[in-house]
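**Q** Here it is: the structure, laid out below.
The values are calculated or read from the model by the stated rules, or taken from the named source; none is laboratory data. Remember, it's a predicted structure, so these values are computed and weren't measured experimentally. All Cβ positions, glycine included, derive from the backbone under ideal geometry; neighbour counts span all protein chains shown. Each accessible area value is taken on the protein alone, full model and side chains, heavy atoms only, with ligands, DNA and RNA left out. Shrake-Rupley method; radii C 1.70, N 1.55, O 1.52, S 1.80 Å.
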Amino acid sequence: MTDKATLNIGDKSYDLPILKGSTGPDVVDVRKLYGEADVFTYDPGFTSTASCESKITYIDGDAGVLLHRGYPIDQLAEKSSFLEVCYLLLNGELPTAPEFAEFERNITYHTMLHAQFDRFFSGFRSDAHPMAIMTGAVGALSAFYADSLNVDDPKQREISAHRLIAKMPTIAARAFQYSQGRPFVSPRNDLSYAENFLRMSFSVPAEDWKPNPVLTRAMDRIFILHADHEQNASTSTVRLAGSSGAHPFACIAAGIACLWGPSHGGANQEALEMLQVIGSVDNIKDYVQGVKDRKYKLMGFGHRVYKNYDPRAKVMQKTCHEVLDLLGHGNDPLLQIAMELEKIALNDPYFVDRKLYPNIDFYSGITLRAMGFPSNMFTVLFALARTVGWISQWKEMFEDPQRKIGRPRQLYTGATHRDYLAIDKRG
Ligand code: COA
């Protein structure tokens, strides 16, 4: 196989190196193309563009494969824990027992928020969307933890990473409790990451949240499934923001803002709301016809990268059944609609031809709703879990000696040079 591609433009030809990864498609290196040939490459939506070199996450969308540092997502979801996956994503290897104990201690140590930070929440309207609170509150961390903002210092980068992973559950639970008009619950160091988050979210002064191993495991697994996903829109946002040297709290706030969009992290809320709109198994046929007539999309279906069953959706579906059975919601009408809709879509040529399979959002909304979270919290939970992926990718970018500020170019189609006209000479 050749290690270069040749591009002919007019009567000139240019050799472009072909770079090989450890797996996945090769890339054509166009970095010198503009300098040599005075042309840009054009790829809106980045469907054919590798924006960076990375060793963290690998996706084979056709095969339905997702690997973190080489480990398949289903093995991690089955055998690992979210904090262990955090260590893996950040450091590249699974921890030894002493390494894990130290990491867990570090995260636990950072779960509290500065007391003045709590006053920040009361500035928001009580009906504020919790994602609006998350975007503001995470950005504001920089005002409280100024001692870890020097992005050129690896130790400070590490402390910021630990702070973000540790404080996200506390912030997310506060955003939730605030929206419910309930007092904040402080973290407890003797609880696991997921257990602590559930307790901070659901305990009220009159009644402490009662631990349940099935729900804790489900929460932990949902966090694992959302931990990282290669160079998606929000991760690319974090990298782009970070490429200017912006501090990590600002970069993660930018990632949260991007994640909020309905085509990205907002999809699980939309998927659940779609099931509620469908309302009954009897209405599915008409709803699917509306999708085919292009009136709306089937939310929780389709993916830019997966053109096969999303491997996370398989685990999510199993977790969904476990949680609903435990809570006695096995006959939840929304679950019945979801299962029937999935069956129809997986057999209908419209969806089969377009390779539209259920994605992770399809079953996560039903599960989270059964666990007691309102739909506007779904994206918040996604942001909480994805923080480790964002910060791992951000850290990797800083460790890359080839780091450059991100600066895409454009195909300009606007007006060319023209001279200013005074207002009385226009029109
Ligand atoms: N429902 C119905 N049709 C869909 C669809 C969906 N959810 N997703 C894609 N399609 C159709 C498109 O209309 C298009 O059809 P066409 O070729 O006849 O025009 C075809 O499938 C290809 O879609 P395209 O928009 O090119 O795919 P994409 O890779 O750009 O989009 C998503 C990916 C995720 C944005 C898109 O599938 C979507 O909006 N899904 C619903 C939202 C969602 O669940 N997002 C969560 C992702 S984890």
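**Q** Look through 30, 85, 65 and report the one residue that is under 24 Å from residue 412 (Cα atoms) and of a type in the set (A, V, I, L, M).
**A** After applying the criteria, what remains is 30.
**Q** Just a yes or no: is a residue in region 375-386 more than 18 Å from residue 201 (Cα to Cα) and in contact (Cβ under 8 Å) with a residue 24 or more places away in the chain?
**A** yes
**Q** Do any helices (runs of 4 or more DSSP H) lying entirely in region 55-174 carry at least 1 residues that are open to solvent by 70 Å² or more (accessible area, probe 1.4 Å), at pLDDT below 95 and more than 20 Å from residue 247 (Cα to Cα), and which ones are they?
**A** Here the list reads 97-109, 117-121.
Rundown of residues vs (1) at pLDDT 90 or above; (2) away from the ligand (no atom under 16 Å from the Cβ); (3) open to solvent by 20 Å² or more (accessible area, probe 1.4 Å), yes/no style:
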{"position": "283", "(1), (2), (3)": "yes, yes, yes"}
{"position": "293", "(1), (2), (3)": "yes, no, yes"}
{"position": "296", "(1), (2), (3)": "yes, no, yes"}
{"position": "308", "(1), (2), (3)": "no, no, yes"}
{"position": "341", "(1), (2), (3)": "yes, no, no"}
{"position": "356", "(1), (2), (3)": "yes, no, yes"}
{"position": "363", "(1), (2), (3)": "no, no, no"}
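**Q** Scan region 197-214 residue by residue and report those that are crowded, with 23+ Cβ neighbours inside 10 Å and either touching a residue at least 60 places away in the same chain (Cβ under 8 Å) or touching a Leu at 6+ places or on another chain (Cβ under 7 Å) (or both).
**A** Passing the criteria: 197, 198, 201.
**Q** Here's a follow-up. For region 221-232, check the following and say yes or no: at least one residue is outside any helix (DSSP H, G or I) and farther than 30 Å from residue 322 by Cβ.
**A** Yes.
**Q** Out of all the residues in region 328-339, which are in contact (Cβ under 8 Å) with a residue 12 or more places away in the chain and surrounded by fewer than 16 Cβ atoms within 10 Å (Cβ to Cβ)?
**A** Passing the criteria: 333, 336.
**Q** Regarding residue 276, is this residue open to solvent by 70 Å² or more (accessible area, probe 1.4 Å) and within 13 Å of the ligand (Cβ to nearest atom)?
**A** Against the criterion (open to solvent by 70 Å² or more (accessible area, probe 1.4 Å) and within 13 Å of the ligand (Cβ to nearest atom)), residue 276 does not qualify.
**Q** Look at residue 294 and say whether it is out of contact with any Leu (no Cβ under 8 Å at 6 or more places or on another chain) and at negative phi.
**A** No: the conditions fail for residue 294.
**Q** Further question on the same structure: Tell me, yes or no, whether region 375-389 has at least one residue that is touching a Pro at 6+ places or on another chain (Cβ under 9 Å), outside any helix (DSSP H, G or I) and open to solvent by 30 Å² or more (accessible area, probe 1.4 Å).
**A** no
**Q** For the structure I just gave you, tell me whether residue 179 is modelled with pLDDT of 95 or more and open to solvent by less than 50 Å² (accessible area, probe 1.4 Å).
**A** Judged against the criteria, residue 179 is not a match.
**Q** Next question. Failed condition for residue 187, given (1) open to solvent by 40 Å² or more (accessible area, probe 1.4 Å); (2) modelled with pLDDT of 95 or more, with all others met?
**A** (1)
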